[in-house]
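Trainee: The following block contains the structure, expressed as structure tokens.
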Amino acid sequence: MRATLKDVKRSRIPELLGICADDTYRLAAMVNDAQQRLIYAGRDAGWWNGWVKTRFSVTSAAPYITLPRELARVINMSVCETPIYIHNEFYEVLPGGPGPMPDEACCSDWCGSVAGYERGVWPTKVDLTSTNQRLRLYATDNRDLGVKILFSGEDQNGNTIYGMDGLKTVQGFYITMIDPFADSLFDVSKINSVVKPQTFGDVLLYQVDQTSGATVLLSRYLASETNPAYRRYYISPICTTCGSYTVNALAKLEFIPVTRDSDPLIISNIPALMEMCQALRGYSQEVTAAHEMAEKHEMRAIKLLRREMDHYLGNQNPAVTVDRLQQASFKRIGLSTNI
């Protein structure tokens, strides 16, 4: 069960920080700072309740997965119930490495071991399908009519798009939401970034084919999103005869600031948050002794999180993976030595 900002208000944290429990803004700012630092200190898997299992459906036409906003990275991944390796963006350009994926020589069917390859962050869940597309925005709440959203990208000729914000030149262009929808004034071939203000409701982004009129949902931006950036992984080699296949993933949760009493915390360990908040108060002072005490509070917070992990997972039964075959096919057993 996850703690919420309301649980923090009911704890001793406001008293220790000298903040009124009803001062949601200041209390949330301190808790958000403490959460973010502790989440980053959690290394690969994070702390208890810091990960989630999820499932994606991948097609041979688009063999990639794009994580939703609340997921930071994939810890482990399996394709068709078989665990696979996940390689970062540097792997493909290492000397002696596999080179850029996909490998055109192996694109017709399964070729070698399947693996996941990081593709950085993207501003939309789905890519534009062709160059003769315009963007279309739908507001799900009428209070957002008149709100401007900035898109940075390239036109149908691959040129960077520049627009105007009043008398100022900006890299990109604005779309102002109107009823029932708002379209861009020209074709777009690539979206590099999206900047939106906080809105009352979600915003739907579609592409519209100028030839057929067909629309494709590219992203649904939540009201609190201001700079969408979604982690993406490419799955290769692909199986063109399968049509679609299932990707199961264990993913680490992304830090999302809390603003309301009902917002859940990723770090639900209230004593650890209490120690980290006191550490932040010490770090804000220009006194050596205060910094030394702050470091002690931070170490206590991490120790409490480790004890929480031991409480729920135990420390005598670790998860261990030994790949005896190094992903080699069972047909090759006995042909070489796999260590």
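The values are calculated or read from the model by the stated rules, or taken from the named source; none is laboratory data. Only a predicted model underlies this, so the values are computations on that prediction, with no experimental measurement involved. Every residue, glycine as well, gets a Cβ built from its backbone with ideal geometry; the counts of neighbours run over all protein chains shown. Heavy atoms of the whole protein, side chains included, go into the accessibility calculation; ligands, DNA and RNA do not. Shrake-Rupley method; radii C 1.70, N 1.55, O 1.52, S 1.80 Å.
Trainee: Can you give the extra length, in nm with one decimal, that the chain gains between residue 217 and residue 244 once fully stretched, where that is 0.36 nm per residue apart less the Cα-Cα distance?
Mentor: 7.8 nm
Trainee: Oh, and also: Given 0.36 nm per residue, what is the gain on full extension from residue 192 to residue 94 after removing their alpha carbon distance, in nm?
Mentor: On the way: separation 98, 0.36 × 98 = 35.28 nm, distance 2.61 nm.
Roughly 32.7 nm would be gained on extension.
Trainee: Residue by residue through segment 261-272, what is 3J(HN,Hα) from phi via Karplus (6.51 cos²θ - 1.76 cosθ + 1.60, θ = phi - 60°)? Round to whole Hz and write x for glycine and proline.
Mentor: Along segment 261-272, the couplings run 4, 7, 5, x, 9, 6, 8, 9, 7, 4, x, 5 Hz.
Trainee: Select from 56, 271, 45 the residue farthest towards the positive end of the dipole of the chain; place +1 on Cβ of Lys and Arg, -1 on Cβ of Asp and Glu, and compute about the Cα centre.
Mentor: 271
Trainee: Could you check the spin-label model distance between residue 119 and residue 229? Points 7 Å from the Cα along Cα→Cβ, value in nm.
Mentor: Label at residue 119, label at residue 229, 1.8 nm between them.
Trainee: Where the only charges are on Cβ atoms (+1 Lys, Arg; -1 Asp, Glu), what is the dipole of the chain about its Cα centre, to the nearest 20 debye?
Mentor: 780 debye
Trainee: Follow-up. Cα-based Rg of the chain per 2.2 N^0.38 Å, rounded to two decimals?
Mentor: With N residues counted in the chain, Rg over 2.2 N^0.38 Å equals 1.19.
Trainee: Tell me, what ³J(HN,Hα) does each residue in segment 277-289 have, in order and in whole Hz, if you take phi through Karplus 6.51 cos²θ - 1.76 cosθ + 1.60 with θ = phi - 60° and put x for Gly and Pro?
Mentor: Each residue's phi maps through the Karplus curve to give 5, 5, 5, 5, 5, x, 5, 6, 9, 8, 9, 4, 4 Hz.
Trainee: Can you grab the distance from the C-alpha centre of segment 152-212 to the C-alpha centre of segment 49-67, Å, no decimals?
Mentor: 27 Å
Trainee: Taking the Cα centre of segment 1-140 as the origin, how large is its charge dipole in debye, to the nearest 20, when only Lys and Arg (+1) and Asp and Glu (-1) carry charge on their Cβ atoms?
Mentor: 760 debye
Trainee: Okay, which of segment 258-283 sit inside 18 Å, backbone N to the point 7 Å along the Cα-Cβ direction of residue 25?
Mentor: It comes to 258-261, nothing else.
Trainee: Right, something else. Of 1, 309, 164, which has the most accessible area with a 1.4 Å probe, and how do the rest follow in descending order?
Mentor: 1, 164, 309
Trainee: Note the full-extension length gain between residue 319 and residue 141 as 0.36 nm times their separation in residues minus their Cα-Cα distance, in nm to one decimal. Intermediate values should be presented prior to the final figure.
Mentor: Numbers: separation 178, 0.36 × 178 = 64.08 nm, distance 4.63 nm.
Length difference between fully extended and current span is 59.5 nm.
Trainee: Would you please put 128-136, 28-36 in order of how densely packed they are, using the mean number of other Cβ atoms within 10 angstrom per residue and starting with the highest?
Mentor: Peptide ranking by packing, descending: 28-36, 128-136.
Trainee: Taking amide H atoms as placed 1.01 Å from N in the peptide plane, list the residues 5 or more away in sequence, or in a different chain, whose amide H sits under 5 Å from that of residue 115.
Mentor: Hits under the 5 Å cutoff: 236.
Trainee: Classify segment 119-268 from the C-alpha gyration tensor, please: rounded if a/c falls under 1.5, else prolate or oblate depending on whether a/b exceeds b/c.
Mentor: It is oblate, given that a/c is not under 1.5 and a/b is not larger than b/c.
Trainee: Using helices alone, what [θ] at 222 nm do you get for the chain, with -39,500 (n - 2.57) per DSSP H run of 4 or more residues, divided over all residues and rounded to the nearest 500?
Mentor: Rounded to the nearest 500, the figure is -6500 deg cm²/dmol.
Trainee: Can you give the accessible area of residue 261, probe radius 1.4 Å, in Å² rounded to 10?
Mentor: Accessible area of residue 261: about 60 Å².
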